[in-house]
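Take a look at the structure below.
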Amino acid sequence: MSAPSPAPLPNFARAASRRAFLTASALGISAITRVGGAHARAVAANPRTATKPELDGPRTRVALNGRRLIAIGDLHGDFLAMVKSLELAQVIDGNGKWNGGDAVVVQVGDVLDRGDSEIAILRKLRSLAKQAKEAGGDLITMNGNHEIMNVMGDFRYATPGAFEECRRYAEKKRAKENAKEGKGEEASATRGDEDEATAGIRARQQLFKPGGEIAKWLAKQPTVLVVDDGTVFAHAGIDLSHVEYGFERINKEVAMWMEGKTKMPPKQVLESDGVVWTRDYGGKDAGIQYEAQSCRRLASALEGADAKRLVIGHTPQTTGVTSGCKGTVWRVDVGASRGIYGNSAQVIEIIGGKVRVLA
């Protein structure tokens, strides 16, 4: 999500974020403008082509088989918001271990930015996903617009604490590598000619650039997910053109770009009406006073996808989880991150096609 403009940042944060944005080795705004042209013509030539995902790539479809389905909204670097959301869903115990049995949990993206604990959240969710699998459950983290932005090298919404987390992570990793190689030198992610702030920027660049360690983590995450109870998950929304392009194809092309195998992601994650950017389904908090047109757009997409409902994040809801279009869209970004509103966590539970808000 991209929420209301944050409070003015201190000088360090402004300097760090601006330097990151200007010096990052990723693609930048000029690259976004090049996404049209040949790519758009290729899509138009064969819009219904769907690429099958690799076995180790992001999943596009999940068989529920009668299990509980839980949806969690944007977390934006707030570890406590994640914990509270998982506790509400009753899938972790007091020690932070998975106790959700065979439940299926989907986090709708935007783990990154606006908070200081991004890597900690990603690592915890990855650990819980393994524990869930062992218990017959599932935990799936998706990509939102902020994941796309960071792999593109756009760090404008990264906090000073997030840059520092990247520096510390890189330093600890280097220390482990030195120990493994039998080197006794003290590891440091800081070069002799740079301060810690600059080291944090450089570490973030290396971790998130296409082919970087964390970019490869994100490449395993879906951008669109379909559950066989009729629920479609996308960070911001879908329309019929996304259905026709192919959800598998979107996921595969995002993954290949994040892995550093292609130069650009598909336009479906760059355009203002794309799957991680559109505000059409965000309701009143997105400035939509009359949603009839958006509901027609959604109905067409759901029919094309043979689905019943859409679950999204992206636009923070000031009053908690909301729904629209006669219950065919559910908005689960409640602004729980303290980098947004710091609202009380809420999640939704879907059992047998019935949606219930857990608060």
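The values are calculated or read from the model by the stated rules, or taken from the named source; none is laboratory data. Predicted model only: the values in this text are computed from it and were never measured. All Cβ positions, glycine included, derive from the backbone under ideal geometry; neighbour counts span all protein chains shown. Surface accessibility is based on the protein's heavy atoms, side chains included, excluding ligands, DNA and RNA. Shrake-Rupley method; radii C 1.70, N 1.55, O 1.52, S 1.80 Å.
Side notes on the structure shown:
- Scaling the Cα radius of gyration of the range 99-174 by the globular reference 2.2 N^0.38 Å produces a ratio of 1.24.
- Taken over the range 231-280, the ratio of Cα radius of gyration to 2.2 N^0.38 Å equals 1.10.
- Kirkwood Rh, angstrom, the range 122-259 [1 / mean 1/r, Cα pairs]: 17.1
- Take 349-357, 167-175, 245-253, 144-152 and order them by the average number of nearby Cβ atoms within 10 Å per residue, most first; the result is 144-152, 245-253, 167-175, 349-357.
- For the range 204-280, the Cβ-based charge dipole about the Cα centre amounts to some 580 debye (Lys, Arg positive; Asp, Glu negative; other atoms uncharged).
- Calculated SAXS-style log₁₀ I(q)/I(0) at q = 0.21, 0.25, 0.33, 0.34 Å⁻¹ - the range 313-359, Debye, Cα scatterers: -0.68, -0.89, -1.26, -1.29
- Simple label model, 7 Å out from Cα along Cβ direction - residue 178 to residue 56, nm: 3.0
- Residues of type aspartates and glutamates that residue 263 reaches as a straight line, Cα spacing below 14 Å, ignoring anything fewer than 8 places off in the same chain: 253
- Using a probe radius of 1.4 angstrom, the carbon and sulfur fraction of the accessible surface of the range 216-346 is 47%.
- Surface accessible to a 1.4 Å probe, per residue, for the residues of the range 207-319, Å²: 37
- Candidate lysines for bridging to residue 267, where Cα separation is under 16 Å - those fewer than 8 sequence places away on the same chain excluded: 252
- Projected-area average for the range 207-348 over all orientations - Cα convex hull basis, square nanometres: 8.8
- Using the Karplus relation 6.51 cos²θ - 1.76 cosθ + 1.60 with θ = phi - 60°, the per-residue 3J(HN,Hα) values for the range 262-276 come to 9, 7, 9, x, x, 4, 5, 10, 10, 6, 5, 9, x, 5, 10 Hz, with x marking Gly and Pro.
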